[in-house]
1. Mind listing which GluC sites (Glu not before Pro) in region 286-365 are in a DSSP loop and have 11 or fewer other Cβ atoms within 10 Å?
2. Mind checking the angle between helix 58-74 and the chain's longest principal axis? C-alpha axes, 0 to 90 degrees, to the nearest 10.
3. Return the long-range amide H neighbours of LEU27 (sequence gap of 5 or more, or a different chain), with a cut-off of under 5 Å between placed amide H atoms.
4. On a 1.4 Å probe surface of the protein chains, which of MET192, MET20 comes out largest in accessible area, and what is the full order?
5. Treating the beta-carbon of each Lys and Arg as +1 and of each Asp and Glu as -1, no other charges, what is the dipole magnitude of region 102-187 about its Cα centre, to the nearest 20 debye?
6. Restrict the search to region 90-181; then list the GluC sites (Glu not before Pro) that DSSP places in a loop and that have at most 14 other Cβ atoms within 10 Å of their Cβ.
7. Using r as the Cβ-Cβ distance of GLN174 and ARG329, and R0 as 22 Å, what FRET efficiency do you calculate, to the nearest 0.05?
8. Within region 38-90, which GluC sites (Glu not before Pro) sit in a loop by DSSP and count at most 11 neighbouring Cβ atoms inside 10 Å?
Amino acid sequence: MGDAAKQIEEWTGEPRLAEMLHHHYGLRLIEAEPRGGVFCLTTDRGHYALKRVREREEMRWSLVEQVAQHLSETGEIRIQAPLKNRRGKLTFAGLKNRFVLLPWIEAEVKDWRKDAACWPRVARALARFHIDTRGFHPHRSATSYTHTGKWEKIWGQMEQSLTMFKMAADISDQLTPVDRVWIRQCTFAEGMVDTALRYLKRVGGDAVVSASRKSGEVCHCNLHRKNVLWDRHGGVHFIDWNCITLDVRSRDLARLSLYAYGRTGRSEAVFALLKGYQEIAPLDEAEYGLIYAQLLFPHQLIHSLHQIYQEQKVPSHLAKGYLSSTVEREELKSGLLRDFPAQVKAVFGVSIPRVDWLDSEGSGQ
């Protein structure tokens, strides 16, 4: 255990972590290896994943445990449930961080761009997950993670935060490089938030969101290729559930669609995954409008602004590049936003409202 204990201490900065694992779980550490944001632990009782718990994240891991229990009773999809320690807790504290221990999944990450079949296969697995979360009822402690039927309120609060971030830059005694980037982009951000809110209300608002609950109660909210593992039998496993949210499936589908478009630059991957999803769980017509509303909203940009101005988690010398890259990603999705309504009509025979100014922008008017 000596070499493994020394290695994991060097990687984590946590002294006596191996002893803590034995104290809390009765595990004797044999080997440790960093893999994809977690530590793969080989112990006398098998393999486990050790993951850092971010600030204010503990209650979310409780939600993960509840969802994992529900899925074990309702269907074919399974997710990693955090292991309880000897005190019945889901996390334990080191000297610098908290940690959660998870079962290890023997599987690998794939590059979806090299295999077009990955997009619909992931979508079919996501559809099964959403189906299996129907009827899930969380404990009261999870109310802060419930977004279903609250989109208008949450987006309105985000709109107000943009005003606050703009003021923070405006009143600065000396503009920093990131302030200058943000001031140039604030009109664009405000316009996209306003467009998304108006569109959401146009397609029925929170009433339509709530009506779609029957198709699933839980969203992963952070699906990308590194959070999807493929086992040797071709099975798909979703991991990294620390963004789990109680919301409707159109939110997950919009995020995954944006990822597909961002990785490929083409809408074919987007519609391949939407087709794959509907092989398992067809969408109602109203849900296409909800997906499009989510596509319109600049979630990543607002998240980056929170990280920079409110939480101050981005070092000042990196902030300009961090925000600039986020702005570029938001601008790159304009092709998908412009074409999505027409392609939904062509592929699925469903008409959803268009955004006129996006059409005009695309035609060079």
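1. Listed in order of number, the matching sites are GLU311.
2. Between helix and principal axis, roughly 90 degrees.
3. HIS22
4. Order by accessible area, largest first: MET20, MET192.
5. Here the size comes out at about 380 debye.
6. Of the GluC sites (Glu not before Pro), the ones in loops of region 90-181 whose Cβ has at most 14 other Cβ atoms within 10 Å are GLU106.
7. So, using R0 = 22 Å, E works out to roughly 0.20.
8. When the GluC sites (Glu not before Pro) of region 38-90 are filtered for loop state and at most 11 Cβ neighbours within 10 Å, GLU55, GLU76 remain.
The values are calculated or read from the model by the stated rules, or taken from the named source; none is laboratory data. Please read these numbers as outputs of a predicted model, since none were measured by experiment. We place every Cβ from the backbone using ideal geometry, glycine too, and count neighbours over all the protein chains shown. SASA here: full protein model, heavy atoms, side chains in, ligands and nucleic acids out. Shrake-Rupley method; radii C 1.70, N 1.55, O 1.52, S 1.80 Å.
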